Amino acid sequence: MKYTRISAFAALGVAATLSLTACGGGDTTSDTSAKDSSSAATSSTSSSSDGDSKSEGASDAGDAKSGSGSDTEVQADAANSGTKSGAKTPFCKTEDLAIDAVDAAPDETEGRIDITMVNRGSTTCSATGFAGVDIKDADHTSNPIERGHAQPRVTTLKPGDAAVFNLAYKIDGSGDSLSSPTNILVTPPNETHTVTLDWPAGAGAIKGAYTDVEVYPTHTTK
């Protein structure tokens, strides 16, 4: 009887152990499944976040391209405006300008030729900048005149308004000047058509060479 009771107790102990082991195995499976589900959810969230970031990046690039186009248009408008202000004022055409040259020397040493351009057209135009100038000599040669050190000023002409620019040089009072100017060839700023003017009567002789004469930018007479 004693041995029978011990065997029964041993059997009960083994059964309890097996029962506990089975319960532990079930918990482990549950934990693993939970971890797998959590990892999948995290992976899905990460992929969604990456997709959103790429979408926003593409949108920003598109906006940047649109902005660049706008800047280009603004610059193009300013380049074609004829004025620094960006207003769309066309450049004055040679055919719409009445141009004349006069001696305006302030004294006997400083020579100056004032060249006036009057807008005889029907619309406002811009004469901003340097005119192209060549001086023709009695020997039939033509000499381009260099620009003086000055910044152009915005010069907008309404119909009937005038702009002026000048040629400056030193007067040779010795009587030995080697220059014999006969004509001034003028091409208004931003134009390609040229007019030929007579060298002003009474203007002082040029000291040195034609390379010593300088042309200055236009400005209004008002």
| Residues of segment 158-186 satisfying the condition of being without any contact (Cβ under 8 Å) to a residue 40 or more places away in the chain and surrounded by 13 or more Cβ atoms within 10 Å (Cβ to Cβ) | Asp172, Ser177
| said: Can you tell me which condition Lys88 does not meet? The list is (1) more than 15 Å from His219 (Cβ to Cβ); (2) in a strand (DSSP E or B), and all the others hold. | reply: (2)
| task | Determine whether Glu108 is assigned to a helix (DSSP H, G or I) and either touching a Ser or Thr at 6+ places or on another chain (Cβ under 9 Å) or farther than 12 Å from Val186 by Cα (or both). | result | no
| task | Would you mind stating whether Val154 is β-branched (Val, Ile, Thr), more than 25 Å from the chain's Cα centre (by Cα) and surrounded by 15 or more Cβ atoms within 10 Å (Cβ to Cβ)? | result | no
| field | Residues of segment 151-176 satisfying the condition of being hydrophobic (A, V, I, L, M, F, W, C) and assigned to a strand (DSSP E or B) | value | Leu157, Ala162, Ala163, Val164, Phe165, Leu167, Ala168, Ile171
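Values in this text are rule-based calculations from the coordinates and carry no lab data. None of the values given here were measured: they were computed from a predicted structure. With ideal geometry, Cβ positions are generated from the backbone for all residues, glycine too; neighbour counts draw on all protein chains shown.
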